[in-house]
Amino acid sequence: LAQEAVATLARLFTRAGHRVGAVVHHGGRHADSVLTARGGRVQVLRLLQLLQRPVPADPTPGLTRLDDLLRRAEPWLKQRSVVFLVSDFISTPGWEPALGRLGHRHEVLAVRLLDPLDHALPRLGLVRLHDSETGEQLLVDLEDNGLHQRYTQLATERDARLQAGLEK
């Protein structure tokens with residue numbers, strides 16, 4: 001879904017004669033991929049190819065640091081731009097100041113990728129969960145009512161923090 005949304009936005013901008021580029025954060029210890037801004041249909045295809053490129057598995061994965069991405073993107077934005085930040089915003093805290101600095105010079109639009117499982121867990125019994133960022137594995141009973149209540153409460157709190165951060 002994210003790729004389709006990005007492709008649609010890129011095509012709309014290039015059809016209007018604007019240039020599009022991208023900084024794609026791969027997470028972990030992998031370097032970000034940068035696509036220098038250009039115009040035209042071929043540039044949209046380059047962007048799609050970049051988004052579809054597989055990232056090698058990181059043997060020592062780490063937490064997503066959105067603030068690092070935002071700081072590294074600043075030098076690539078040499079002139080006033082419209083910036084679409086497409087993310088699930090599940091990141092280490094402290095990204096708000098970097099986003100604010102970016103917003104002082106550019107028009108920034110945050111596009112949140114949301115999975116229904118971010119707010120409600122299915123009732124599937126015992127399930128082994130694997131955290132792709134930390135590598136941690138847990139055996140969880142998804143039938144537990146207390147777990148569902150805590151999960152919903154934490155999701156609501158995370159949404160409130162995100163909303164406050166974006167408003168800042």
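Of everything listed in (1) surrounded by 10 or more Cβ atoms within 10 Å (Cβ to Cβ); (2) outside any loop (DSSP other than H, G, I, E, B); (3) out of contact with any Leu (no Cβ under 9 Å at 6 or more places or on another chain), the single unmet condition for SER132 is (2). Scanning region 72-131 for residues that are closer than 30 Å to ARG38 by Cβ and among the small types (Gly, Ala, Ser) yields ALA73, SER81, SER87, SER91, ALA98, GLY100, GLY103, ALA110. Being open to solvent by 60 Å² or more (accessible area, probe 1.4 Å), farther than 17 Å from HIS25 by Cβ, charged (D, E, K, R) and out of contact with any helix residue (DSSP H, G or I) (no Cβ under 7 Å at 6 or more places or on another chain), is that true of even one residue in region 76-95? Checked against the condition, which is being open to solvent by 60 Å² or more (accessible area, probe 1.4 Å), farther than 17 Å from HIS25 by Cβ, charged (D, E, K, R) and out of contact with any helix residue (DSSP H, G or I) (no Cβ under 7 Å at 6 or more places or on another chain), region 76-95 yields at least one hit. Contact map, region 68-81: residues that are under 8 Å from LEU102 (Cβ atoms) paired with residues that are assigned to a loop (DSSP other than H, G, I, E, B) and of a type outside the set (D, E, K, R), Cβ distance under 9 Å, separation 6+ or inter-chain. Pairs shown: LEU70/TRP95; ALA73/HIS25; LEU77/HIS106. Filter region 144-168 down to the residues that are surrounded by fewer than 13 Cβ atoms within 10 Å (Cβ to Cβ) and among the acidic types (Asp, Glu), then identify the one that is farthest from ILE90 (Cα to Cα). My answer is GLU167.
Can you find even one residue in region 100-120 that is basic (Lys, Arg) and out of contact with any Asp or Glu (no Cβ under 9 Å at 6 or more places or on another chain)? No, every residue in region 100-120 fails to be basic (Lys, Arg) and out of contact with any Asp or Glu (no Cβ under 9 Å at 6 or more places or on another chain).
When we screen LEU109, LEU114, LEU126 for residues that are closer than 19 Å to GLU157 by Cβ and exposed (fewer than 15 other Cβ atoms within 10 Å of the Cβ), the only hit is LEU114. When ALA98, ALA10, ALA37 are screened for being open to solvent by less than 60 Å² (accessible area, probe 1.4 Å), farther than 28 Å from GLY135 by Cβ, at pLDDT 85 or above and in a helix (DSSP H, G or I), only ALA10 passes. Take ARG29 and decide whether it is at pLDDT below 90, part of a helix (DSSP H, G or I) and among the basic types (Lys, Arg). Criteria not met by ARG29. Take the conditions among the aliphatic types (A, V, I, L, M) and not in a loop (DSSP other than H, G, I, E, B) and apply them to LEU121. Does it pass? No: the conditions fail for LEU121.
The values are calculated or read from the model by the stated rules, or taken from the named source; none is laboratory data. Values in this document were obtained by computation on a predicted structure and should not be read as measured data. No Cβ is skipped: glycine too gets one built from the backbone with ideal geometry, and neighbour counts run over all protein chains shown. Calculation scope for accessible area: heavy atoms of the full protein, side chains included, ligands and nucleic acids excluded. Shrake-Rupley method; radii C 1.70, N 1.55, O 1.52, S 1.80 Å.
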